[in-house]
1. I'm checking a number: the convex hull volume of the Cα atoms of the stretch 39-79, normalised per residue, in Å³. What is it?
2. Residues of the stretch 38-124: accessible area per residue at 1.4 Å, in Å²?
3. How much net charge surrounds SER35 when only other residues with a Cβ under 11 Å from its Cβ are counted (Lys, Arg +1; Asp, Glu -1)?
4. Run the numbers for LYS59 and GLU136: contour at 0.36 nm per residue of separation, minus the present Cα-Cα distance, in nm.
5. Can you compute 3J(HN,Hα) from phi for each residue in the stretch 85-91, using the Karplus curve 6.51 cos²θ - 1.76 cosθ + 1.60 with θ = phi - 60°, rounded to whole Hz and x for Gly and Pro?
6. Could you calculate the contour length gain from VAL162 to LEU95, that is, 0.36 nm times the residue separation minus the distance between their Cα atoms, to one decimal place in nm?
7. With θ set to phi - 60°, apply the Karplus curve 6.51 cos²θ - 1.76 cosθ + 1.60 along the stretch 121-131 and write out the HN-Hα couplings as whole Hz, x wherever there is a Gly or Pro.
8. Let me know the charge dipole size of the chain about its Cα centre in debye, to the nearest 20, where only the beta-carbon of Lys, Arg (+1) and Asp, Glu (-1) is charged.
Amino acid sequence: MGKKSVKENKNVYQISRENCNLTRDKAAEEMVFVSADRIEKIENERTAAHPEDIMAMAKCYKDPGLCNYYCSHECPIGQEYVPELKSKDITQITLEILSGLNTMEQEKNRLIDITADSNIDETEIEDFVKIRQKLEQISLSVDSLRLWIDTQIASGKLDSSVLDKN
């Protein structure tokens, strides 16, 4: 078995692997097409990871959040369009969604008024921006819920076949 790393500035990929108590060799064996040498280079940031590497790591390490991290931090398109999701408790996620939906219930009629004529004029733009921001917060909360579900499935706490039936 390999020795435990004492490196101080570990990247997210190394931390995730170590959280699974996997050596690079064992991880490479489980991932099949990602070598221990490649894992070491990615962890020490001597080579850029490819999306396929990250997907294999996320599955092997049972850490779907690695995909979001990669997209929001390393992929040029993702850096522009994919927000970073933080791991949250299901209770916090639920409360954020419900709070957002309650606010939107109040804003719904204003949104209808603003967009009914297919134009947003200078008297409506401030309200429209606030509504858009609230919708973006709800969207982030829904994305956090998806990540939470994926993490629960990866860890074996939820059965994906039950979720897929509904």
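1. Numbers: hull volume 2.5 nm³, N = 41.
Normalising the Cα hull of the stretch 39-79 by residue number yields 62 Å³.
2. Numbers: 5640 Å² over 87 residues.
For the stretch 38-124, the per-residue accessible area is 65 Å².
3. Numbers: positive: ARG24, ARG38, LYS41; negative: ASP25, GLU29, ASP37, GLU40, ASP53.
After counting each charged neighbour, the total is -2.
4. Numbers: separation 77, 0.36 × 77 = 27.72 nm, distance 2.82 nm.
Between LYS59 and GLU136, full extension yields 24.9 nm more.
5. Per residue, the Karplus-derived 3J(HN,Hα) values read 9, 9, 5, 9, 6, 4, 5 Hz.
6. On the way: separation 67, 0.36 × 67 = 24.12 nm, distance 2.41 nm.
This chain segment gains 21.7 nm when fully extended.
7. Using θ = phi - 60°, the values come out as 8, 4, 7, 10, 4, 4, 5, 4, 4, 4, 5 Hz.
8. Numbers: 22 positive and 31 negative charges, 215 e Å.
Dipole size: approximately 1040 debye.
The values are calculated or read from the model by the stated rules, or taken from the named source; none is laboratory data. This one's a predicted model, so the numbers in the text were calculated from it and none came from an experiment. So basically every Cβ, Gly included, is an ideal-geometry build from the backbone, and we count neighbours across all protein chains shown. In case anyone asks, the SASA skips ligands and DNA or RNA and just uses the protein heavy atoms, side chains included. Shrake-Rupley method; radii C 1.70, N 1.55, O 1.52, S 1.80 Å.
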